[in-house]
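The values are calculated or read from the model by the stated rules, or taken from the named source; none is laboratory data. Values in this document were obtained by computation on a predicted structure and should not be read as measured data. When we count neighbours, we look across all protein chains shown, and the Cβ atoms used for this are built from the backbone with ideal geometry, even at glycine.
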2 protein chains.
Amino acid sequence: MPKKPDLMPGTLDMLILKTLTRAPQHGYGIALSIRRASEEVLTVEEGSLYPALQRLLLQGWVKAEWKKTETNRRARYYTLTAAGRKQLGVEQSQFDQMIAAIGRVMQDA
Amino acid sequence: MPKKPDLMPGTLDMLILKTLTRAPQHGYGIALSIRRASEEVLTVEEGSLYPALQRLLLQGWVKAEWKKTETNRRARYYTLTAAGRKQLGVEQSQFDQMIAAIGRVMQDA
DNA sequence: GCAGATGTATAGACCATCTATGGATAGAAC
DNA sequence: GTTCTATCCATAGATGGTCTATACATCTGC
């Protein structure tokens with residue numbers, strides 16, 4: 001029985017930033033988006049998500065704003081900043097490089 | 001200046017097991033193999049490598065044996081066990097699944 | 001004999017993730 | 001109108017893998 005893989009360490013920030021390129025979202029919505037986009041493979045727990053959002057706020061890569069949901073509930077909406085967009089590029093290229101390197105190790109007979 | 005990516009957390013065990021499929025090796029040699037195979041992108045620090053090898057030993061995925069090097073130095077050679085080979089398959093498929101899932105999140109506009 | 005590469009190993013710090021909570025509101029069900 | 005479920009935010013503590021730093025030993029070349 002294959003253990004549930006939940007998340008790949010070190011990629012959460014990138015996934016959040018990417019998700020926010022589409023539209024500003026609140027935390028819960030971000031978690032849902034990632035889960036759906038990954039076809040239920042990646043599950044972001046709250047205990048991972050909110051600390052991550054705090055980090056991103058501190059770094060200035062996202063900004064937050066309290067608003068009302070369509071269903072009239074209060075929620076904190078996160079928006080990608082210019083710096084965040086730049087950071088996403090950095091993380092994505094590092095990630096790609098890393099994956100390529102791992103692929104090289106894993107492939108050759 | 002892109003920060004050095006060193007390693008992707010959670011993949012070290014898989015990389016070690018894969019390296020040992022080619023031939024039994026000692027710790028230092030494993031580190032060199034991974035570095036070379038990845039074209040200097042992945043660097044395995046000793047402080048990561050030896051704890052990882054201890055884990056693999058405990059799990060029974062590798063076994064160790066003291067031998068002499070070609071250059072006549074004492075070294076501890078690690079060999080993949082049958083269980084280790086099986087484990088490698090598991091980790092590799094989980095990894096592939098994870099990467100595919102991340103790719104799905106990262107691609108769509 | 002000294003430097004540098006080879007080789008093993010551990011202790012402590014660091015940091016991201018997970019588990020486990022706690023609380024609040026809206027809407028639906030009954 | 002009370003209960004249940006889904007939505008929504010957030011933190012504390014544990015866990016675990018990786019990194020930094022260090023220690024030690026041998027062999028080769030100069």
At pLDDT below 95, within 14 Å of chain B (Cβ to nearest Cβ) and farther than 21 Å from A:PRO9 by Cβ: is that true of A:ALA75 in this structure? no
Of all residues in the stretch B:39-79 being away from DNA strand D (no atom under 14 Å from the Cβ) and farther than 20 Å from A:GLY103 by Cβ, the one that is surrounded by the most Cβ atoms within 10 Å (Cβ to Cβ): B:TYR78
Filter the stretch B:1-56 for residues that are among the small types (Gly, Ala, Ser), within 13 Å of chain A (Cβ to nearest Cβ) and touching a residue at least 12 places away in the same chain (Cβ under 8 Å); the one that is farthest from B:TYR77 (Cα to Cα) is B:ALA37
Conditions first: (1) farther than 22 Å from B:MET8 by Cα; (2) within 11 Å of DNA strand C (Cβ to nearest atom). B:ALA23 passes all but one, so which condition is the exception? (2)
Output for Cβ contacts, cut-off 9 Å, separation at least six or different chains, first residue over 21 Å from B:SER33 (Cβ atoms) in the stretch B:72-96, second aliphatic (A, V, I, L, M), reads B:GLN94/B:MET14
Given (1) within 8 Å of another protein chain (Cβ to nearest Cβ); (2) over 30 Å from A:GLU39 (Cα atoms); (3) β-branched (Val, Ile, Thr), number of the condition B:THR69 does not satisfy: (1)
If A:ILE102 satisfies all but one of (1) within 13 Å of DNA strand C (Cβ to nearest atom); (2) buried (at least 16 other Cβ atoms within 10 Å of the Cβ), what's the number of the condition it fails? (1)
